[in-house]
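Enquirer: To start, I am sharing the structure in question, which I have written as structure tokens.
The values are calculated or read from the model by the stated rules, or taken from the named source; none is laboratory data. Remember, it's a predicted structure, so these values are computed and weren't measured experimentally. Reconstructed Cβ throughout: ideal geometry from the backbone, glycine too, with neighbour counts over all protein chains shown. For accessibility, only protein heavy atoms count, side chains too; no ligands or nucleic acids. Shrake-Rupley method; radii C 1.70, N 1.55, O 1.52, S 1.80 Å.
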Amino acid sequence: MATAVPGSSEPVGAYGSLEAAEAWRRGEPEREAVFGRASKLMLDLAKVGPGSRVLDVAAGTGIQAIAAARRVGPAGFVLATDISASMLELAADTAREAGLTNVATMVMDAQRLEVEAESFDAAISQNGLMLVPDVMRALDGIRRALKRGGRFAVMVFSTADKNPYLALPQAIMQRRGNRPLPVGQPGMWALGDPGALQDVYRRAGFRDVVVQAVPTQRRFPSLAEAMATARSAYGRLRELAAGLTDAEREAAWAEIEEALLQFEGPNGFEAPGESLVGVGTR
């Protein structure tokens, strides 16, 4: 199974399937609870408002595209792009169900954005940019798509140590499968250092770059529910688990549960988390 890479040039493995898209959409309420504050800040920093034309890169099932469409109103427009046709089909369905006629979808590689130059007021990307293999090529395309003075705002995961609910299971699966992430490769933590995110913005020619850290705490009623969500998730963790034998996999899950037990308390399961929200101006 290949790694799920939203926005990359290879829509292979679980990420491109309808099953993955449906699972991703089912998880939207939980992700909204976790990332809602950071997502709102991303849209604010991009200055998404009435009449704006917005490009959403690596849009997935489009939860942030829908939020942008509500902001821009009937005089505005949102183009949601992603490498997965299945993800975008569900995004289009959600827009129709919401009665939004100002959202369009287009299957497109984030590294090869085939849109008219200087045709968007703002661009956004939520939890996708760090997974793109050639991030500078993607940023060059985004900058080209923006009008002069247009803003690109992005949300990415902060460092692994600040996101234990995601990082601990991945590290355990990688160790048990003897599959460490190669240095310098795209991944969840690739842009987690504020300096790294600022650097790619500036190298791509963006100005007035600002990066802010936003808490994204994970809460579940119990450790059991936190584990059930982790087990059902698509992406890197499932790929790593699939490479193990049944016995190895169950041993890994047992170790993960033990590692996450520290976050269960009288209020249920509560694990710290952090995202970075950055913005730059063309």
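Enquirer: Of all the residues that make up segment 146-162, how many are at negative phi and open to solvent by 10 Å² or more (accessible area, probe 1.4 Å)?
Expert: Qualifying residue count, segment 146-162: 8.
Enquirer: Taking residue 249 as meeting all but one of (1) touching a helix residue (DSSP H, G or I) at 6+ places or on another chain (Cβ under 6 Å); (2) open to solvent by 40 Å² or more (accessible area, probe 1.4 Å); (3) in contact (Cβ under 8 Å) with a residue 12 or more places away in the chain; (4) not β-branched (Val, Ile, Thr), write down the number of the exception.
Expert: Against the list (1) touching a helix residue (DSSP H, G or I) at 6+ places or on another chain (Cβ under 6 Å); (2) open to solvent by 40 Å² or more (accessible area, probe 1.4 Å); (3) in contact (Cβ under 8 Å) with a residue 12 or more places away in the chain; (4) not β-branched (Val, Ile, Thr), residue 249 comes up short only on (3).
Enquirer: So, one more: Name the one entry in 244, 276, 240 that is over 16 Å from residue 164 (Cβ atoms), hydrophobic (A, V, I, L, M, F, W, C), open to solvent by less than 30 Å² (accessible area, probe 1.4 Å) and assigned to a loop (DSSP other than H, G, I, E, B). I'd like the intermediate steps shown before the answer.
Expert: On the way: 276 fails: assigned to a loop (DSSP other than H, G, I, E, B); 240 fails: assigned to a loop (DSSP other than H, G, I, E, B).
One residue alone meets the criteria, 244.
Rundown of residues vs (1) out of contact with any His (no Cβ under 7 Å at 6 or more places or on another chain); (2) among the acidic types (Asp, Glu); (3) modelled with pLDDT under 95, yes/no style:
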| residue | (1), (2), (3) |
| --- | --- |
| 226 | yes, no, no |
| 237 | yes, no, yes |
| 243 | yes, no, yes |
| 248 | yes, yes, yes |
| 268 | yes, no, no |
| 273 | yes, no, no |
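Enquirer: Among (1) in contact (Cβ under 8 Å) with a residue 60 or more places away in the chain; (2) crowded, with 16+ Cβ neighbours inside 10 Å, which single condition is residue 136 missing?
Expert: It fails just one condition, (2).
For (1) at pLDDT 70 or above; (2) acidic (Asp, Glu); (3) under 21 Å from residue 102 (Cβ atoms); (4) surrounded by fewer than 24 Cβ atoms within 10 Å (Cβ to Cβ), each residue gets a yes or a no:
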site: 8; (1), (2), (3), (4): no, no, no, yes
site: 13; (1), (2), (3), (4): no, no, no, yes
site: 27; (1), (2), (3), (4): no, no, no, yes
site: 32; (1), (2), (3), (4): yes, yes, yes, yes
site: 50; (1), (2), (3), (4): yes, no, yes, yes
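Residue by residue, here is whether (1) touching a Leu at 6+ places or on another chain (Cβ under 6 Å); (2) farther than 11 Å from residue 124 by Cβ holds:
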residue	(1), (2)
51	no, yes
58	no, no
65	no, no
75	no, yes
80	no, no
83	no, yes
86	yes, yes
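Enquirer: Can you name the number of the only condition in (1) outside any helix (DSSP H, G or I); (2) over 26 Å from residue 82 (Cβ atoms) that residue 156 fails?
Expert: Against the list (1) outside any helix (DSSP H, G or I); (2) over 26 Å from residue 82 (Cβ atoms), residue 156 comes up short only on (2).
Enquirer: Continuing with the same structure: Is one or more of the residues making up segment 220-235 open to solvent by less than 10 Å² (accessible area, probe 1.4 Å), assigned to a helix (DSSP H, G or I) and under 22 Å from residue 138 (Cβ atoms)?
Expert: For segment 220-235, residues open to solvent by less than 10 Å² (accessible area, probe 1.4 Å), assigned to a helix (DSSP H, G or I) and under 22 Å from residue 138 (Cβ atoms): absent.
Enquirer: Is one or more of the residues making up segment 192-209 part of a helix (DSSP H, G or I), among the aliphatic types (A, V, I, L, M), surrounded by 14 or more Cβ atoms within 10 Å (Cβ to Cβ) and touching a residue at least 12 places away in the same chain (Cβ under 8 Å)?
Expert: Yes.
Enquirer: Name every residue in segment 60-97 that is in contact with a helix residue (DSSP H, G or I) (Cβ under 9 Å, 6 or more places away or on another chain), assigned to a loop (DSSP other than H, G, I, E, B) and modelled with pLDDT of 95 or more, in order of residue number.
Expert: 76
Enquirer: Separate question: With the checklist (1) among the hydrophobic types (A, V, I, L, M, F, W, C); (2) part of a helix (DSSP H, G or I); (3) in contact (Cβ under 8 Å) with a residue 12 or more places away in the chain in hand, flag the one item residue 189 doesn't pass.
Expert: (2)
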